[in-house]
Amino acid sequence: MRGTSLASLGAVQLRFAPVLSAAGTTAVTLGEQLFAVVDALDSSGSLRRTLSDPAIQGGAKAGLVSGAFGRLDSRVVDVLSTAVQERWSSADDLIEAVERLGFDAVLASAQAGGELERVEDELFRITRSLVGQREVRQALFDPRVPGDKRADLAEDLLRGKVAGATLVVARRAAASPRGRRFVATLGLVGELAAARRERLVAAVTSGSELSPAQLERLGQILQQSYGQDLQLNVTVDPEILGGMRIQVGADVVDSTVLAKLADARRRLAS
């Protein structure tokens, strides 16, 4: 999402923020209802096209929202009415925005309960624990398995081990991947949590464990580059043959041997 859609998302989030703040820990309920809206839009091409059509007046689209989703919490209906009156580059961008609002609500509930940092850490730890579990990753994404069954699998793996908000995110990631792998959705929400804590996240993948001194030095280098402290999320992947891969937002630095070999092959082929 970029350009007009990104600006629209920012405007809707700004108006939704005080609602989430006032909702406190119950904001998670708003998030789950917003996820239900995403599912409804995903299943109805005509509805999502109509609600994102810039040629239709905003008031008419807000009225359609009230008619289609009037059974939901009035705060959800209000934010949806606001969203459909903004301009979106595509219907998919509108759906992505509603999903983002849902994750915002879940994270806001965790923040109100003093668990946001815990949730961010748990999301990262879950993704790291799945690095060597290919069959589990596939099961959580298998389109042949109904979404509710995938969600139940995620809950079976995590029940009693993580915060409530983490479990909500994990169930959602498994039940409705929307084209993303399970770990990719968890990574996305982890970045949203870091942003809510006003921190950047540096996802570091290394072929071996980094020493405390190496981590401190890396943190210093990244801090100098970005002008602020970063949260280092380090994953050890034995398949990496030396070097490391660092991603901060859209910025990627890949100094692994595999990346260098791939670059060499491209040069030879050109």
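The values are calculated or read from the model by the stated rules, or taken from the named source; none is laboratory data. From a predicted model like this one, the values you see are computed outputs, not experimental measurements. When we count neighbours, we look across all protein chains shown, and the Cβ atoms used for this are built from the backbone with ideal geometry, even at glycine. To get the accessible areas, we keep the full protein, side chains included, count just its heavy atoms, and leave off ligands, DNA and RNA. Shrake-Rupley method; radii C 1.70, N 1.55, O 1.52, S 1.80 Å.
Among the conditions (1) open to solvent by 30 Å² or more (accessible area, probe 1.4 Å); (2) in contact with a strand residue (DSSP E or B) (Cβ under 7 Å, 6 or more places away or on another chain); (3) part of a helix (DSSP H, G or I), the only one that S225 does not satisfy is (2). Listed residues D148, D156, D142, D121; which is among the acidic types (D, E) and either closer than 19 Å to V38 by Cβ or in contact (Cβ under 8 Å) with a residue 60 or more places away in the chain (or both)? Only one candidate qualifies: D148. Taking the stretch 59-152 and the helices (runs of 4 or more DSSP H) fully enclosed by it, the elements with 3 or more residues that are acidic (D, E) and within 30 Å of S8 (Cβ to Cβ) are at 91-112.
If you go through the stretch 1-53 and pick out every residue that is charged (D, E, K, R) and under 17 Å from the mean Cα position of the chain (by Cα), you end up with 3.
Within the stretch 213-270, the set of residues being farther than 25 Å from V183 by Cβ and modelled with pLDDT of 80 or more comprises A213, E216, R217, Q220, I221, Q223, Q224, S225. Being farther than 27 Å from A170 by Cα, part of a helix (DSSP H, G or I), open to solvent by 60 Å² or more (accessible area, probe 1.4 Å) and basic (K, R) is the requirement here; does R49 meet it? Here the answer is yes, as R49 does meet what is asked. Residues that are open to solvent by 40 Å² or more (accessible area, probe 1.4 Å), at pLDDT 80 or above and part of a loop (DSSP other than H, G, I, E, B) do not occur anywhere in the stretch 185-196. Which condition number in (1) in contact with a Leu (Cβ under 7 Å, 6 or more places away or on another chain); (2) not in a helix (DSSP H, G or I) is the one that G179 fails? The one condition G179 does not meet is (1). Just to be sure before I move on: is E32 among the acidic types (D, E), in contact with a helix residue (DSSP H, G or I) (Cβ under 8 Å, 6 or more places away or on another chain) and modelled with pLDDT of 95 or more in the structure I sent? Taking the combined requirement at face value, the residue satisfies it.
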